[in-house]
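Q: One structure, pasted below without further comment.
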Amino acid sequence: MKNTITPANVRGTVHFWKIWDQPTVEHPKYKSIEYLWAQRNQLQYDWGTIAAQTIGLGKAEYRVRAMYIEYHNVANVNDVVTPPTYARDVGISYYTGLSAVSNRDYLRVPLALTPTTTIGEDYSNYFSNPDLGNVLRFFAQTQGVVGVHGRPFAAENNSKIIGAALVATPDFQDPTKDLVFSRTYLSTSPTNKQLLKPTGGQIGLTWEVLFS
């Protein structure tokens, strides 16, 4: 364990999944789930506000309860979307500004499951009970047919997922109060990992945050 807190001590990994809405031949009784890959995220400065309000002041309304899933409706399914550059001080202003970006939008989706905890790799000497571990897991998936700014989200529109954010919602009914805990963008090099919205399916995200 560390005696200082830096972005390296609080870090996140995002796991991507493809989830089919209906049973398949391989899984006749259950939804079919395909694991894709994992990648790291960037902590935004808002995470400090979230931590101070929840840990220090005990305000449950500041807990993480949603994800943003950013997408771009491309002309051709093989088109590669250039991801934005972004600093740690950028919060929801970026997402508000997407209203002026042609064919770009984002889904604001609630967590699909109650967050769980586990023990981080190499930390079993410090923790023995996974329920009291140092890793938080959040899960959400794409849903709906239109983004926050009214642009369609559908396979027929070639909606391509390019990034995501983990978000605290002090007032879920008021998105202007959202705080961005962390962000990530799908890699485009050397392999383009941006994800088209699958026909008859969704994209799921498991966001793991390690506190060390």
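The values are calculated or read from the model by the stated rules, or taken from the named source; none is laboratory data. Since the model is a prediction, treat every value here as computed from it, not as a measurement. Reconstructed Cβ throughout: ideal geometry from the backbone, glycine too, with neighbour counts over all protein chains shown.
Q: Would you mind telling me which numbered condition in (1) exposed (fewer than 14 other Cβ atoms within 10 Å of the Cβ); (2) touching a residue at least 40 places away in the same chain (Cβ under 8 Å); (3) of a type in the set (Ser, Thr, Tyr) Tyr68 fails?
A: Evaluating Tyr68 over (1) exposed (fewer than 14 other Cβ atoms within 10 Å of the Cβ); (2) touching a residue at least 40 places away in the same chain (Cβ under 8 Å); (3) of a type in the set (Ser, Thr, Tyr) leaves (1) as the failure.
Q: Right, here's the next one. For Asn78, state whether it is loosely packed, with under 13 Cβ neighbours inside 10 Å and within 24 Å of Glu156 (Cα to Cα).
A: Against the criterion (loosely packed, with under 13 Cβ neighbours inside 10 Å and within 24 Å of Glu156 (Cα to Cα)), Asn78 qualifies.
Q: Next question. Limited to the range 74-93, what total is found for residues that are farther than 27 Å from Lys177 by Cα and in contact (Cβ under 8 Å) with a residue 12 or more places away in the chain?
A: Count: 8.
Q: Does Phe139 qualify as being in contact (Cβ under 8 Å) with a residue 24 or more places away in the chain, aromatic (Phe, Trp, Tyr) and closer than 18 Å to His72 by Cα?
A: no
Q: Kindly check whether there is at least one residue in the range 44-58 that is on the phi < 0 side of the Ramachandran plot, assigned to a strand (DSSP E or B) and at pLDDT 95 or above.
A: no
Q: Shifting gears a bit: Mind checking which residues of the range 32-80 are closer than 21 Å to Gly147 by Cβ and of a type in the set (Gly, Ala, Ser)?
A: Ala66, Ala75
Q: How many residues are under 17 Å from Trp207 (Cβ atoms) and not in a strand (DSSP E or B) when one looks only at the range 63-85?
A: Matching residues across the range 63-85 total 1.
Q: In addition: If you go through the range 96-135 one residue at a time, how many are in contact with a strand residue (DSSP E or B) (Cβ under 8 Å, 6 or more places away or on another chain), within 30 Å of Leu196 (Cα to Cα) and touching a residue at least 24 places away in the same chain (Cβ under 8 Å)?
A: 14
Q: Restrict the check to the range 144-162 and report whether at least one residue is aromatic (Phe, Trp, Tyr), surrounded by 16 or more Cβ atoms within 10 Å (Cβ to Cβ) and farther than 13 Å from Met67 by Cα.
A: Checked against the condition, which is being aromatic (Phe, Trp, Tyr), surrounded by 16 or more Cβ atoms within 10 Å (Cβ to Cβ) and farther than 13 Å from Met67 by Cα, the range 144-162 yields at least one hit.
Q: In the range 86-99, what residues are hydrophobic (A, V, I, L, M, F, W, C) and assigned to a helix (DSSP H, G or I)?
A: Ile92, Leu98
Q: So, in the range 100-125, exactly how many residues are part of a loop (DSSP other than H, G, I, E, B) and out of contact with any Phe, Trp or Tyr (no Cβ under 7 Å at 6 or more places or on another chain)?
A: In the first step, residues of the range 100-125 are kept if they are part of a loop (DSSP other than H, G, I, E, B); the result is 101-103, 111-115, 119-125.
This time we only want the ones that are out of contact with any Phe, Trp or Tyr (no Cβ under 7 Å at 6 or more places or on another chain), so: 101-103, 114, 120-125.
Here the count works out to 10.
Q: Going through the range 163-193 one residue at a time, which ones are touching a strand residue (DSSP E or B) at 6+ places or on another chain (Cβ under 8 Å), surrounded by fewer than 19 Cβ atoms within 10 Å (Cβ to Cβ) and outside any loop (DSSP other than H, G, I, E, B)?
A: Pro175
Here is a yes/no grid of residues against (1) among the small types (Gly, Ala, Ser); (2) over 26 Å from Thr85 (Cα atoms):
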{"residue": "Val109", "(1), (2)": "no, no"}
{"residue": "Ser128", "(1), (2)": "yes, yes"}
{"residue": "Leu132", "(1), (2)": "no, yes"}
{"residue": "Pro175", "(1), (2)": "no, no"}
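Q: Which residues, counting only those in the range 194-212, are outside any strand (DSSP E or B) and either hydrophobic (A, V, I, L, M, F, W, C) or over 21 Å from Asn41 (Cβ atoms) (or both)?
A: If the condition is that a residue be outside any strand (DSSP E or B) and either hydrophobic (A, V, I, L, M, F, W, C) or over 21 Å from Asn41 (Cβ atoms) (or both), then Lys197, Pro198, Thr199, Gly200 are the ones that fit.
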